[in-house]
Amino acid sequence: MEYVGVGEEEVAAWEDWAGCGEAFGSGDGEWQLTVADVDGLMEVHKADFVILCIGRFSGVPNIPTFPVGKGPEVFDGKVIHSMEYSKMGGKNARDMIKDKHVTVIGYLRSAVDIANECANVNGTEKPCTMVVRTKSWIIPDYYAWGVHISNFYLTRFAELLIHKPGEGFLLNMLATVLTPLRLIFSKFVESYYSIAMRKHDMVPDHSFFEGLVACVAAIAPKDHYKNLEEGSIVLKKSKTFSFCEEGVHFEGECTPVKSDIVIFGTGFNGDQNIKDMFTSEYFQSIVVGSTSTTVPLYRECIHPKIPQLAVISYSESLTNIYTTELMSKWISHFMDGGFRLPSVREMQRDVLEWEKFMKRYSRDYFRRSCVGIVHIWHNDQLCQDMGCNPRRKKGFFSELFEPYGPCDYVNLQPK
């Protein structure tokens, strides 16, 4: 992608997004998209507005680096990433892992899913080894002591217990006063979920609330803890590991874990994936911010300094699909002339408020840009921009105490 018609220096100096705060700018600039088909045939397309929907969980796999002589090159077996595994399809994947010693690196969604598929195929005869570098809240269901956890985290009342981006003085004071109640909720939920985890020394160092706020908590596949109990999945907790000819070697252990296949369930390098879309070094340098900042997207959609472009689904939520749909409605309404964006400076100020929130609660995971725990607050902003009523429920108590979800935004129509 290349932005043409307006020089980069002029773009960088604009006080209003795209020069005027409107979707298609002044009409001087446009995007040129150079695409190639499978045979390498190149075509150039022109666009007045581009929406990037490439997400952050595809394209460029995130694979750890190793010292020379200790990486996959010395291993006699097969090494793949979860991306390759998923592309194989169910039958081919099962055939590949059948009767093999499989080691899975990681302990979040993809890694846990793959390990349990291996356990279901091979059982205890050839158990799957999981290399756990960081413990995560992998929970069996959404109920803690019989109460659905959405009642603790996905209501307007729950949002009153935390400091939100751009909140006023009264909400700030209320969140400070109610913080102990938030801690009580978290301890209540943890007391239930940690029962199964404690048996395997897998209770995370961070609280369940922090896991949710950073989107690093996940639902376990069926029978995950049963597979751990019976030994068809074996956990190896280690911050570091290396490859050897026979398999995977852990520091301080004499015998390596024998492996035929090693599968990296280590996620994706979404930042590089989105940078690679641009020819401009300037846009590459600003589009995802730096390692010390969050991804600088206003409303999690618009970069304040990149014109005629929107990004959908780069931030995370507890329910990505409906959050993405709301963002899509917001972008569509914006392109239809429904509203103008604030000045570049105002948008940057708003981005910083969200950054403070994410750094405050997400700790080392702030770059995941997860809006899950404040999804109502985020959706309210989108609704207000579109001229829609953000209050989606009937009655004061329902509005305050009932969990919000996709059904509350059915038939949402911008005005």
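The values are calculated or read from the model by the stated rules, or taken from the named source; none is laboratory data. Bear in mind that the values here come from a model prediction, so they are computed numbers and not experimental data. No Cβ is skipped: glycine too gets one built from the backbone with ideal geometry, and neighbour counts run over all protein chains shown. Heads up: the accessible areas ignore ligands, DNA and RNA and are worked out on the full protein's heavy atoms, side chains in. Shrake-Rupley method; radii C 1.70, N 1.55, O 1.52, S 1.80 Å.
Which one of A218, A196 is of a type outside the set (V, I, T), farther than 27 Å from F366 by Cα, touching a helix residue (DSSP H, G or I) at 6+ places or on another chain (Cβ under 6 Å) and not in a loop (DSSP other than H, G, I, E, B)?
Criteria check complete, one pass: A196.
Can you find, within segment 370-389, the residue that is farthest from the chain's Cα centre (by Cα) among those that are buried (at least 16 other Cβ atoms within 10 Å of the Cβ) and either small (G, A, S) or farther than 12 Å from L326 by Cα (or both)?
Checking each candidate, the answer is W377.
Given the conditions (1) modelled with pLDDT under 95; (2) at positive phi; (3) not assigned by the TED database to the domain that holds T129, and given that G89 satisfies all but one, which numbered condition is not satisfied?
(3)
Against the condition of a type in the set (D, E, K, R), in a loop (DSSP other than H, G, I, E, B), crowded, with 18+ Cβ neighbours inside 10 Å and touching a helix residue (DSSP H, G or I) at 6+ places or on another chain (Cβ under 8 Å), how does E300 come out, does it pass?
Taking the combined requirement at face value, the residue satisfies it.
In segment 115-135, how many residues are open to solvent by 10 Å² or more (accessible area, probe 1.4 Å) and within 30 Å of S362 (Cα to Cα)?
4
Can you tell me which residue within segment 249-288, out of those that are farther than 29 Å from E84 by Cβ and among the small types (G, A, S), is surrounded by the most Cβ atoms within 10 Å (Cβ to Cβ)?
Among those that are farther than 29 Å from E84 by Cβ and among the small types (G, A, S), it is S280.
Evaluate the following for E353: is it at pLDDT 95 or above, under 19 Å from I306 (Cβ atoms) and either in a helix (DSSP H, G or I) or outside the structural domain of E300 (by the TED database) (or both)?
No: the conditions fail for E353.
Looking at segment 346-363, which of the residues that are surrounded by fewer than 17 Cβ atoms within 10 Å (Cβ to Cβ) and not acidic (D, E) is nearest to I162 (Cα to Cα)?
The selected residue is R360.
What number of residues in segment 363-414 are over 24 Å from E353 (Cβ atoms), assigned to a helix (DSSP H, G or I) and either among the polar types (S, T, N, Q) or free of Cβ contacts under 8 Å to residues at least 12 places away in the same chain (or both)?
Result for segment 363-414: 4.
Going by the structure shown, is L212 of a type outside the set (S, T, Y) and surrounded by fewer than 19 Cβ atoms within 10 Å (Cβ to Cβ)?
It is false that L212 is of a type outside the set (S, T, Y) and surrounded by fewer than 19 Cβ atoms within 10 Å (Cβ to Cβ).
Would you be able to tell me the number of residues in segment 199-220 that are in the same structural domain as D76 (by the TED database) and more than 30 Å from K359 (Cα to Cα)?
0
Each row is one residue, and each column tells you yes or no for (1) under 16 Å from the mean Cα position of the chain (by Cα); (2) touching a residue at least 12 places away in the same chain (Cβ under 8 Å); (3) closer than 16 Å to W354 by Cα.
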| site | (1), (2), (3) |
| --- | --- |
| K275 | no, yes, no |
| F278 | no, yes, no |
| C301 | yes, yes, yes |
| V311 | yes, yes, no |
| E316 | yes, yes, yes |
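Just wondering, is there one or more residues in segment 377-400 that are in contact with a strand residue (DSSP E or B) (Cβ under 9 Å, 6 or more places away or on another chain) and closer than 13 Å to T155 by Cα?
no
So which residues in segment 156-182 are touching a helix residue (DSSP H, G or I) at 6+ places or on another chain (Cβ under 8 Å) and either farther than 17 Å from W377 by Cα or basic (K, R) (or both), if there are any at all?
R156, K164, L178, R182 - these are the residues of segment 156-182 that are touching a helix residue (DSSP H, G or I) at 6+ places or on another chain (Cβ under 8 Å) and either farther than 17 Å from W377 by Cα or basic (K, R) (or both).
Tell me whether segment 314-322 contains one or more residues that are in the same structural domain as A23 (by the TED database), open to solvent by less than 30 Å² (accessible area, probe 1.4 Å) and touching a His at 6+ places or on another chain (Cβ under 6 Å).
Yes, that holds for at least one residue.
Quick one: how many residues across segment 217-234 are open to solvent by 30 Å² or more (accessible area, probe 1.4 Å) and of a type in the set (A, V, I, L, M, F, W, C)?
Count: 2.
When residues of segment 139-169 are filtered for being of a type in the set (A, V, I, L, M, F, W, C) and assigned to a strand (DSSP E or B), how many remain?
Matching residues across segment 139-169 total 3.
Which condition number in (1) open to solvent by less than 40 Å² (accessible area, probe 1.4 Å); (2) out of contact with any His (no Cβ under 9 Å at 6 or more places or on another chain); (3) not assigned by the TED database to the domain that holds A220 is the one that Y107 fails?
So the condition that Y107 fails would be (3).
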